Amino acid sequence: MKGHRILAIVGYLLIVLGVGPLIYLGFIAEGSGTSSMTIPPGDGYYAFFKTESSMWMNAHLEGTVNILGGGTVDVLVLNSAQYQEYSYDLIPSSSIWSSSGSSLEFTVDLPGSGAYYVVANHATGSSSYDQTVTLTYKLSGINLLYVIVGVVMIAVGAALSFVSLRMRKNEGAPIIPQATTSSTDVQIFDSKQKLQ
């Protein structure tokens, strides 16, 4: 098998394989799952779920929160700074989303990359018993890591394909032999001078 064919095959494979991470994993990427947390009885207790969106753009978090065992909870979606403030005194100055109830649904557009927390604590009048909180979530958006990997694979594949085409073109070109001359075969004359 000729060298240009091997380069072409590798190049085309990289292009095809690069489209997968770029399109499917990069632009349709999502993570999902279910988490169960128990808030012990008493004031000052809370449970949280942390998600990272460090390589995500236009991230979107949606989920449902259900309470087992009765009562209601306060549920908040917080970024890292808000969570640090909340974990200190359980009173955030702001949140991305918040609500109270025993069965909640939320949909949140995350404002940027970083860590985000879904926090549940006892609502007023519900702190005298355990509360089990079940969170079902889905995180979707554009995952930059997969986009970058896909673009690099496509670029390398295109470069290899281009090189293989150049090699193929040069391989088919005729070879013109160089004329050889020796010093005795060459005569130099001036057309204005007469030959002797």
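Does Leu160 count as in a helix (DSSP H, G or I) and either aliphatic (A, V, I, L, M) or not assigned by TED's automatic domain parsing to the domain that holds Asp74 (or both)? So Leu160 passes the test.
Of the residues making up segment 44-84, those that are of a type in the set (Asp, Glu) and closer than 30 Å to Leu145 by Cα are Glu52, Glu62. Checked against (1) touching an Asp or Glu at 6+ places or on another chain (Cβ under 6 Å); (2) over 13 Å from Gly141 (Cβ atoms); (3) at pLDDT below 85, His60 meets all criteria but (2).
Scanning segment 101-115 for residues that are loosely packed, with under 14 Cβ neighbours inside 10 Å, over 19 Å from the mean Cα position of the chain (by Cα) and in contact (Cβ under 8 Å) with a residue 40 or more places away in the chain, we see that the one that is nearest to Thr134 (Cα to Cα) is Glu105. Residue count for segment 121-139 satisfying the condition of being over 13 Å from Lys50 (Cβ atoms) and buried (at least 20 other Cβ atoms within 10 Å of the Cβ): 5.
Of the residues Ile142, Ile96, Ile67, only one is surrounded by 14 or more Cβ atoms within 10 Å (Cβ to Cβ), under 16 Å from the mean Cα position of the chain (by Cα) and of a type in the set (Val, Ile, Thr); which? Ile142 is the lone residue from the list that is surrounded by 14 or more Cβ atoms within 10 Å (Cβ to Cβ), under 16 Å from the mean Cα position of the chain (by Cα) and of a type in the set (Val, Ile, Thr).
The values are calculated or read from the model by the stated rules, or taken from the named source; none is laboratory data. Predicted model only: the values in this text are computed from it and were never measured. All Cβ positions, glycine included, derive from the backbone under ideal geometry; neighbour counts span all protein chains shown.
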